[in-house]
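Read through the structure below, which is laid out as structure tokens, and then see the notes.
The values are calculated or read from the model by the stated rules, or taken from the named source; none is laboratory data. The structure presented is a predicted model; accordingly, all values stated were derived computationally and were not measured. Here Cβ is always computed from backbone atoms with ideal geometry, including for glycine, and neighbour counts include all displayed protein chains.
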Amino acid sequence: MWSFLSAKSARQLSVFWSAVIIVGLFTSAWVRVLPSIGMAGFFLTGLGYSIGQRRVAQRARWLQFLSFLLVYLVHAGTGLLRNSLTNEALWQDLVLQLPFVLLPISFWLLPTWLPAHKRLVWLLLIGSCVVAAAGATINYLLHYQAIAQLYIQSQVMPTEPDHIRFSLLISMAVLSGIVLLFSKALSPLLRGAVGAAILLLFLFQHLLAVRTGIVTMYAGGMLWLGWLGWRQGRWQVAVAGVVLVLGLGAGCLVLFPTLQNRLDNTRFDATQMDSAEAANNFSVTARVYSYQVAWLLVQQHPLLGVSKPQLTAAMASQYGYLFPQINPAKYVLPHNQYLYNLAAYGAVGLLLFLCGFYYCLWVGIRERNILLFLMYLTISLSFMVEYTLESNIGVVVGLFFLLLAAVPEKETEKSAGSKRAAELTA
């Protein structure tokens, strides 16, 4: 039944389902199930190819991909330890985290990707971000005064997906686009289009003015420029890049009221941290108090945590005891993925999470996979101020693009010949 799934068919279907996943990220408000359909199709394609060909294509990389299953085991293990099998919140979480099973196994079973296919998927991400950014910009121009006021109130312009995940996708699009530009694999026309897209997304990131997105974009850009100078010896290009980026950033600060209002709001927010009541109105202050409450839970349950299904109730109980000035409607969970995991799963769970989630990065560092490094940097920085992996879109964003950057590419005859020639010369 599966014999029709040749390597060629499996690769083509992989690109198709990747496109469904990416488009689904930007249309989840209208077709919420689309990313799930893409992941299911992706998984069935990998399973069909493996059964039809009677082989596991990435068998040698089993630990790199399947280490992510540890993350799912942490959710399942601590959840079952602290909750009954009839707990609805437990099953919701296990369904939410299914990408940590489906996606790694899919990439493990599927054949190596053609470089052109991987480029196509990254280009689709870039194009989707440009379209979504254009829509958000038009809406901003139509409601200029109302949206400018939102930034003074610790809010941002409406986007799809939500502004946090969208800003991360923009950072990923900008960084992957830069890597593509310098790979010399694009035609001159496509190179110009990608360059223009990167510039527009860079500017929009400042107009959107989400702190997480701006920090991840600049951090990733500086890392890449440093790699360009250190690994390739192109220090003049790297220094020119730093000057250009800082110059554009300074120009955005002058031109974009949203960025100015966000900075003013952040500065004022930071002055309110001594007042618990300010957590009702200011996002940074609310985060600080959520860290204090979560840390108290960590001290009470250091090894195995309280489990994710019980975390909201446990946090609410501590909020009411420690900070009665904060409105229950304003209680927030710890906006830090590491602290969130520590409170929910304890030190044991956090250690397993770190091993499972970051082993792939260790392999990428040894293989000098700069794109994988940039994707990990983006996600890890978001972990410092968000619990990125605790939403449907966040799980996909935080996992799919890591795996896409990590999956090996099939060598073309030209590249294989160049490699053999280099070996002979050496």
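Could you list all residues from the stretch 130-166 that are under 28 Å from Ser176 (Cβ atoms) and outside any helix (DSSP H, G or I)? Listed by number, the residues that qualify are Val156, Met157, Pro158, Thr159, Glu160, Pro161, Asp162.
What tally of residues in the stretch 270-297 results from selecting those that are of a type outside the set (S, T, N, Q) and over 19 Å from Ala329 (Cβ atoms)?
Residues of the stretch 270-297 of a type outside the set (S, T, N, Q): 270, 273-274, 276-279, 282, 284, 286-289, 291, 293-297.
Right, trim to over 19 Å from Ala329 (Cβ atoms) and you get 270, 273-274, 291, 295-297.
The total comes to 7.
Quick one: is Val95 part of a helix (DSSP H, G or I), without any contact (Cβ under 8 Å) to a residue 40 or more places away in the chain, aliphatic (A, V, I, L, M) and closer than 17 Å to Thr45 by Cα? Steps first, answer last, please.
Numbers: part of a helix (DSSP H, G or I): yes; without any contact (Cβ under 8 Å) to a residue 40 or more places away in the chain: yes; aliphatic (A, V, I, L, M): yes; closer than 17 Å to Thr45 by Cα: no.
Here the answer is no, as Val95 does not meet what is asked.
With the condition kept exactly as written, say whether any residue in the stretch 396-408 is over 30 Å from Val332 (Cα atoms), surrounded by fewer than 19 Cβ atoms within 10 Å (Cβ to Cβ), touching a Lys or Arg at 6+ places or on another chain (Cβ under 9 Å) and at pLDDT below 95. If you could, list the steps in order and put the result at the bottom.
Start the filter on the stretch 396-408 by keeping residues that are over 30 Å from Val332 (Cα atoms), which leaves 403-408.
Still in the running and surrounded by fewer than 19 Cβ atoms within 10 Å (Cβ to Cβ): 408.
Filter again for touching a Lys or Arg at 6+ places or on another chain (Cβ under 9 Å), leaving 408.
Of the ones still in play, those that are also at pLDDT below 95 are 408.
Yes, that holds for at least one residue.
If you check Leu181, Leu186 for being closer than 28 Å to Gly233 by Cβ and without any contact (Cβ under 8 Å) to a residue 24 or more places away in the chain, only one passes: Leu181. Scanning the stretch 246-292 for residues that are without any contact (Cβ under 8 Å) to a residue 60 or more places away in the chain, assigned to a helix (DSSP H, G or I) and touching a Phe, Trp or Tyr at 6+ places or on another chain (Cβ under 7 Å) gives Leu248, Ala276, Ala279, Tyr289. Might you check whether a residue that is modelled with pLDDT of 95 or more, part of a helix (DSSP H, G or I), over 16 Å from Met375 (Cβ atoms) and not aromatic (Phe, Trp, Tyr) occurs anywhere in the stretch 215-232? No, the stretch 215-232 has no match at all. Candidates in the stretch 171-208 are the residues that are modelled with pLDDT under 95 and either outside any helix (DSSP H, G or I) or within 21 Å of Gly135 (Cβ to Cβ) (or both); of these, the one that is farthest from the chain's Cα centre (by Cα) is Ser187. Against the test of being in contact (Cβ under 8 Å) with a residue 24 or more places away in the chain, of a type in the set (Phe, Trp, Tyr), touching a strand residue (DSSP E or B) at 6+ places or on another chain (Cβ under 8 Å) and closer than 14 Å to Leu404 by Cα, the options Trp113, Trp122 yield a single qualifying residue, Trp113.
Go through the stretch 308-361 and count every residue that is part of a loop (DSSP other than H, G, I, E, B) and exposed (fewer than 15 other Cβ atoms within 10 Å of the Cβ).
Initial filter on the stretch 308-361 (part of a loop (DSSP other than H, G, I, E, B)): 323-327, 331-336.
If we keep only those that are exposed (fewer than 15 other Cβ atoms within 10 Å of the Cβ) as well, we get 324-325, 327.
Final tally of qualifying residues: 3.
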